[in-house]
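Report on one structure; see the data block that follows.
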Amino acid sequence: MNLHEYQGKELLNSFGVRIQRGIVADNHKKAVEAAKQLAIDTGTGWWVVKAQIHAGGRGKGGGVKLAKSLAEVETISESIIGMMLKTPQTSAEGKKVHQVLICEDVYYPGDNEPEEYYMSVLLNRATGRNMIMYSTEGGMDIETVAENTPHLIFTEEIDPLIGLQPFQARKVAFNLGLSGGALKEMIKFVTSLYTAFVKSDASLFEINPVLKTSDDKILAVDSKVALDDNALYRHKDLAELRDLREENEIEVEANAAGLNYVDLDGNVGCMVNGAGLAMSTMDLIKQSGGEPANFLDVGGTADAKRVEIAFRIILKDPNVKAILVNIFGGIVRCDRVAQGIIDAFVNMGDAIKVPIIVRLQGTNAIEAKQLIDASGLNVISVTEFQEAADKVKEVLG
Ligand code: GDP
Ligand code: MN
């Protein structure tokens, strides 16, 4: 689960990480109130208006703007809220902006040497350890830095049993070229950042830029936070931060129904039980000249109700030209699943307009095929994997 910048910053701040302060607003009037409040709280005279969407690169897309007066806060907020913001990380149509974060301006006017760093915390899957990745080259695409100047990216791996050790935090600060007060601030920053990462069961923190002001403050100007979904049950407060508007609508609905669904770009919908079988079914679709429209694991209980929900979800995707059902009946008998498919089909009336190919294999597969063939419904029943592929090819034409 991803957080918005403002939510991520609040999370960091609750663990003692210094942040650029801000107040979120969902209309331009509230944005002005937020700016006034920030002026009182921080003494800032300029503000930054930042679009809150789940995508980076907002600056480049026109979603981060400096406002030098309350009037500018108002006009900029008005133009950003409601816009479709396109950035290098969104789709071509962009993402709708529902709220802006009004921030204190931390790049002091006249500050000629603000330093921008890059810092992230993530799991190194190769070593099975968390690591801090950091660079002096902040404020720009880390991918570009990695390509052109890889020697300017440092990593520090953390022993999971011991945790981040003081010498490691100092090393990070030294490698960033810091000394004096800024060095001390950076040590504190890194240490609390890592604590926040572990305590919130995060899977990614990316702070770009981390800013050093001319008076040696170190603070997070941006935040990208991803939390581990499997650990959310022990962070009820964080789970509530989920913004469903940012997520794929069909995926949200499928998840609510307990289905494991991932939306893809292809033309053949698939309904499968078990993730491994789903993967090989997607390969099969590709081999038969189609492209999978989704990944869908209905799980162990492929009863009529679940099958119907799965059909409805697959059919929400207008690109679906055919549906392939590939279910292995082990504990769940194939004839039960076949009856479920028939019931769902009948129940849906004429909602199903695309050809359906069903391959049931396992316990009572023969009875299942007989049931479907005898139903008189527009369902093509096969028993072999290759047959299913041939039928997909045939119906796609
Ligand atoms: P991103 O483009 O989505 O990564 O959004 P960021 O939060 O990183 O903001 C983009 C850029 O806006 C930063 O790299 C900064 O250069 C600039 N920016 C952010 N905060 C301030 C600020 O307080 N003052 C000024 N002048 N610029 C800022
Ligand atoms: Mn950024």
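Regarding the stretch 220-229, can at least one residue be identified that is over 24 Å from Glu104 (Cβ atoms), open to solvent by less than 20 Å² (accessible area, probe 1.4 Å) and more than 16 Å from ligand 1 (Cβ to nearest atom)? Yes: the stretch 220-229 contains one or more residues that are over 24 Å from Glu104 (Cβ atoms), open to solvent by less than 20 Å² (accessible area, probe 1.4 Å) and more than 16 Å from ligand 1 (Cβ to nearest atom). Can you work out which of the residues in the stretch 161-179 that are in contact with a helix residue (DSSP H, G or I) (Cβ under 9 Å, 6 or more places away or on another chain) and open to solvent by 60 Å² or more (accessible area, probe 1.4 Å) is farthest from Thr195 (Cα to Cα)? Among those that are in contact with a helix residue (DSSP H, G or I) (Cβ under 9 Å, 6 or more places away or on another chain) and open to solvent by 60 Å² or more (accessible area, probe 1.4 Å), it is Ser179. Looking across the stretch 189-216 at every residue that is at pLDDT 95 or above and open to solvent by 50 Å² or more (accessible area, probe 1.4 Å), the one that is nearest to ligand 1 (Cβ to nearest atom) is identified as Ser203. Just one residue in the set Ala231, Ala278 is within 20 Å of the chain's Cα centre (by Cα) and among the small types (Gly, Ala, Ser); that residue is Ala231. The single residue among Lys50, Lys65 that is closer than 24 Å to Leu11 by Cβ, of a type in the set (Lys, Arg) and within 10 Å of ligand 1 (Cβ to nearest atom) turns out to be Lys50.
Of all residues in the stretch 297-315, those that are modelled with pLDDT of 90 or more have Cβ atoms under 8 Å from Cβ atoms of residues that are β-branched (Val, Ile, Thr) and surrounded by fewer than 21 Cβ atoms within 10 Å (Cβ to Cβ), 6 or more apart or on another chain, in Phe311/Ile352; Ile313/Ile250; Ile314/Val320; Leu315/Ile352; Leu315/Val354. Every condition in (1) touching a residue at least 60 places away in the same chain (Cβ under 8 Å); (2) closer than 27 Å to Lys184 by Cβ holds for Leu101 except the one numbered (2).
Summed over the stretch 32-58, residues that are open to solvent by less than 50 Å² (accessible area, probe 1.4 Å) and either within 15 Å of ligand 2 (Cβ to nearest atom) or in contact with a helix residue (DSSP H, G or I) (Cβ under 9 Å, 6 or more places away or on another chain) (or both) total 18. Going by the structure shown, is Ile327 among the β-branched types (Val, Ile, Thr), in the same structural domain as Glu367 (by TED's automatic domain parsing) and either touching a residue at least 60 places away in the same chain (Cβ under 8 Å) or open to solvent by less than 10 Å² (accessible area, probe 1.4 Å) (or both)? The answer is yes for Ile327. With the requirement that a residue be open to solvent by 10 Å² or more (accessible area, probe 1.4 Å) and within 23 Å of Glu78 (Cα to Cα), what does the stretch 6-28 give you? Residues satisfying the conditions are Tyr6, Gln7, Arg21, Gly22, Ile23, Val24, Asp26, Asn27, His28.
The values are calculated or read from the model by the stated rules, or taken from the named source; none is laboratory data. All values derive from a computational prediction rather than experimental measurement. Methodologically, a virtual Cβ is constructed for each residue, glycine included, from the backbone with ideal geometry; neighbour enumeration extends over all protein chains shown. Note: areas computed on protein heavy atoms with side chains; ligands, DNA, RNA excluded. Shrake-Rupley method; radii C 1.70, N 1.55, O 1.52, S 1.80 Å.
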